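Below you'll find the structure, written out as structure tokens, and then a few comments.
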Amino acid sequence: MPMIVQVLRRALEADIGPVLVACGDAAIAEAVDAAGGQAVMTDPDHPSGSDRVHEALGLFDPDGRYDTVVNIQGDLPTIDPAVIAAVLDPFDTADVDITTLAVEITEDRERTDPNVVKAVIALSGDNARIGRALYFSRATVPAAAAGPHYHHIGLYGFRRDALDRFVALPPGRLEVLERLEQLRALEAGMRIDVALVDTVPLGVDTPADLDRARAMLASGSS
């Protein structure tokens, strides 16, 4: 089964609304259609997933019936549907523009790995599960060795007007330095809140990742 179809099924199981697959490639759209999903063809040259989602949303819902949208990357075939749904929780606060997810880091190697993006979150107490994002970095932040440090998961929810604003913004200085798109929103004064979840979904970036994902799917784990 194509990886994008696995992600599609997980998104449908989250049961948070209609699921579209924004495609820049006809072969992906054909796989989605064959699986009974809804594909939306978009410009193949979009600079980011956010731009692609923005175009797809406009094509699907030109009348603005939906006021929030969730951007799920297509390389997360084992993601838990409950993790997808959790990205909507911070929207209970009215002035939140964008939402995302993070997991507390427990392995020391992740604290210093530049491929693990760290989220700096202002939590209201020890048991809080939602907090405001202050910064994102590939460095070890906060600097205190004991942490806590949080592994950012690149799954986002947008209020529709916030997505409109975000894609119209030029790349920010910090965004370019860190190579992290979400910093564009923070630099522009937009509010991002983070929901804590318990597991980091496996992103498939290498053949070894793909083998691991296949094994997880075969065993029924996520």
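The values are calculated or read from the model by the stated rules, or taken from the named source; none is laboratory data. Just so it is clear, the structure is predicted and the values come from calculations on it, not from any experiment. Please note: Cβ atoms are built from the backbone with ideal geometry, for glycine as well, and neighbour counts cover all protein chains shown.
Which one of 123, 169 is in contact with a strand residue (DSSP E or B) (Cβ under 8 Å, 6 or more places away or on another chain) and either surrounded by 15 or more Cβ atoms within 10 Å (Cβ to Cβ) or free of Cβ contacts under 8 Å to residues at least 24 places away in the same chain (or both)?
That would be 123, the only listed residue that is in contact with a strand residue (DSSP E or B) (Cβ under 8 Å, 6 or more places away or on another chain) and either surrounded by 15 or more Cβ atoms within 10 Å (Cβ to Cβ) or free of Cβ contacts under 8 Å to residues at least 24 places away in the same chain (or both).
From the residues in segment 89-115 that are in contact with a Lys or Arg (Cβ under 8 Å, 6 or more places away or on another chain) and in a loop (DSSP other than H, G, I, E, B), which one is modelled with the lowest pLDDT?
115
Applying the selection to segment 68-88, what residues are farther than 25 Å from residue 220 by Cα and either of a type in the set (Ser, Thr, Tyr) or not in a strand (DSSP E or B) (or both)?
Residues satisfying the conditions are 68, 88.
State whether one or more residues within segment 184-191 are under 17 Å from residue 51 (Cβ atoms) and part of a helix (DSSP H, G or I).
yes
Kindly evaluate residue 209 against the criterion of being in a loop (DSSP other than H, G, I, E, B), at pLDDT below 95 and either surrounded by fewer than 18 Cβ atoms within 10 Å (Cβ to Cβ) or of a type in the set (S, T, N, Q) (or both).
The answer is no for residue 209.
Go through segment 42-54 and give me each residue that's without any contact (Cβ under 8 Å) to a residue 40 or more places away in the chain and buried (at least 18 other Cβ atoms within 10 Å of the Cβ).
42, 52
Among the residues of segment 178-191, is there at least one that is of a type in the set (A, V, I, L, M) and over 21 Å from residue 72 (Cα atoms)?
Yes - at least one qualifying residue is present in segment 178-191.
Okay, residues lined up against (1) part of a loop (DSSP other than H, G, I, E, B); (2) closer than 22 Å to residue 94 by Cα; (3) among the basic types (Lys, Arg); (4) touching a Phe, Trp or Tyr at 6+ places or on another chain (Cβ under 8 Å):
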position: 158; (1), (2), (3), (4): no, yes, no, yes
position: 162; (1), (2), (3), (4): no, yes, no, no
position: 180; (1), (2), (3), (4): yes, no, no, yes
position: 199; (1), (2), (3), (4): yes, no, no, no
position: 214; (1), (2), (3), (4): no, no, yes, no
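Among the residues of segment 31-41, are any within 22 Å of residue 165 (Cβ to Cβ), surrounded by 13 or more Cβ atoms within 10 Å (Cβ to Cβ), in contact with a helix residue (DSSP H, G or I) (Cβ under 6 Å, 6 or more places away or on another chain) and of a type outside the set (A, V, I, L, M)? It would help to see each step written out before you state the result.
We begin by selecting, within segment 31-41, every residue within 22 Å of residue 165 (Cβ to Cβ); these are 40.
Retained after the next criterion (residues that are surrounded by 13 or more Cβ atoms within 10 Å (Cβ to Cβ)): 40.
Still in the list and also in contact with a helix residue (DSSP H, G or I) (Cβ under 6 Å, 6 or more places away or on another chain): 40.
Then keep just the ones that are of a type outside the set (A, V, I, L, M); that gives none.
No - not one qualifying residue is present in segment 31-41.
If you take the residues in segment 55-83 that are closer than 15 Å to residue 17 by Cβ and β-branched (Val, Ile, Thr), which one is surrounded by the most Cβ atoms within 10 Å (Cβ to Cβ)?
Checking each candidate, the answer is 72.
Could you say which residue among 88, 76, 57 is in contact (Cβ under 8 Å) with a residue 24 or more places away in the chain, under 13 Å from the mean Cα position of the chain (by Cα) and farther than 25 Å from residue 1 by Cβ?
Testing whether each residue is in contact (Cβ under 8 Å) with a residue 24 or more places away in the chain, under 13 Å from the mean Cα position of the chain (by Cα) and farther than 25 Å from residue 1 by Cβ leaves just 88.
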